[in-house]
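A.B. asks: Below you'll find the structure I mean.
The values are calculated or read from the model by the stated rules, or taken from the named source; none is laboratory data. Remember, it's a predicted structure, so these values are computed and weren't measured experimentally. So basically every Cβ, Gly included, is an ideal-geometry build from the backbone, and we count neighbours across all protein chains shown.
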Amino acid sequence: MAMCSHYESVTAPARLKKAFGVEMPPGVRADVWPGYTSLFIRRPKAWESGDDAVPGHEAMAGVFGMIPHWAKDEKAARRTYNARSETVAEKPSFRDAWRLARHCIIPAEAIYEPDWRTGKAVATRISRQDGQPMGIAGLWTGWKSPDGTVIRSMTMLTVNADTHPLMRNYHKPDDEKRMVVILPPAQYDDWLDAPPDQSMDFMRQFSADLMVASAV
């Protein structure tokens with residue numbers, strides 16, 4: 001079942017800084033598919049030290065698609081770009097990051113989904129109606145490649161969208177409808193700080209009234 005496999009990252013440094021308060025890392029692609037490098041936002045590891053010099057957020061370059069620590073190579077990212085909220089705690093690719101509450105926010109200008117209502121797949125761009133970037137709830141992890149390089153990666157969390165006025169229109173007619181978890185900006189810090197036993201509280205649909213869709 002396909003979910004969100006294609007999105008447009010935030011790549012304008014000033015826009016990223018204004019919306020998320022972080023500096024743009026190098027190597028970020030605008031047009032993102034599984035296995036491509038984009039960015040995610042997390043709490044810095046030294047955040048809990050109480051040092052006022054440590055910023056509250058940091059943007060990291062990361063591969064779109066989770067590469068679990070036990071993966072043999074980076075190809076795992078092609079299948080792990082979305083994590084179903086209903087099964088994320090059990091799936092081997094995601095359960096460690098979920099248990100450790102490795103929460104992140106994935107900045108996106110838009111996501112792309114196929115509209116099959118005409119019988120053919122029509123690529124559709126979905127964004128926030130107010131023109132602001134989306135902050136998508138995700139998980140991140142680190143993977144040590146055979147040459148010792150640490151590669152960070154991320155996945156977008158998804159929820160059922162069978163009843164969502166907008167997102168129920170996408171994907172094939174017989175498929176379960178899904179949507180990524182788009183966080184209200186007021187919840188960004190709450191999500192980054194949430195302990196594992198509160199993570200499910202954020203797995204909610206984003207209001208259709210706040211979204212806009214247009215055929216590409």
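A.B. asks: Scan the range 115-124 and give yes if some residue there is surrounded by fewer than 23 Cβ atoms within 10 Å (Cβ to Cβ), under 15 Å from the mean Cα position of the chain (by Cα) and touching a residue at least 40 places away in the same chain (Cβ under 8 Å), otherwise no.
C.D. replies: no
A.B. asks: Additional query: Would you pick out the residues in the range 37-55 that are surrounded by fewer than 17 Cβ atoms within 10 Å (Cβ to Cβ) and either under 26 Å from Lys177 (Cα atoms) or at pLDDT 85 or above (or both)?
C.D. replies: Within the range 37-55, just Pro44 meets the criteria.
A.B. asks: Which one of the conditions (1) outside any loop (DSSP other than H, G, I, E, B); (2) in contact with an Asp or Glu (Cβ under 7 Å, 6 or more places away or on another chain) does Pro44 fail to meet, given that it meets all the rest?
C.D. replies: Every listed condition holds for Pro44 apart from (1).
A.B. asks: Among the residues of the range 83-114, count how many are closer than 19 Å to Ile182 by Cα, charged (D, E, K, R) and loosely packed, with under 14 Cβ neighbours inside 10 Å.
C.D. replies: Counting residues in the range 83-114 that are closer than 19 Å to Ile182 by Cα, charged (D, E, K, R) and loosely packed, with under 14 Cβ neighbours inside 10 Å gives 1.
A.B. asks: Okay, next question. Quick test of your reading of the structure: Gly27 fulfils all but one of (1) of a type outside the set (A, V, I, L, M); (2) modelled with pLDDT under 90; (3) more than 25 Å from Gln187 (Cβ to Cβ); (4) touching a helix residue (DSSP H, G or I) at 6+ places or on another chain (Cβ under 9 Å). Name the failing condition by number.
C.D. replies: (4)
A.B. asks: In the range 54-77, what residues are in a loop (DSSP other than H, G, I, E, B) and either out of contact with any Ser or Thr (no Cβ under 6 Å at 6 or more places or on another chain) or more than 22 Å from Ser9 (Cα to Cα) (or both)?
C.D. replies: Val54, Pro55, Gly56, His57, Pro68, His69, Trp70, Ala71, Lys72, Asp73
A.B. asks: Only one of Thr87, Thr118, Thr80, Thr124 is closer than 22 Å to Asp175 by Cα, touching a strand residue (DSSP E or B) at 6+ places or on another chain (Cβ under 6 Å) and assigned to a loop (DSSP other than H, G, I, E, B). Can you tell me which?
C.D. replies: Thr80
A.B. asks: Taking Pro34, is it part of a loop (DSSP other than H, G, I, E, B), over 21 Å from Leu183 (Cβ atoms) and modelled with pLDDT of 95 or more?
C.D. replies: Yes: the conditions hold for Pro34.
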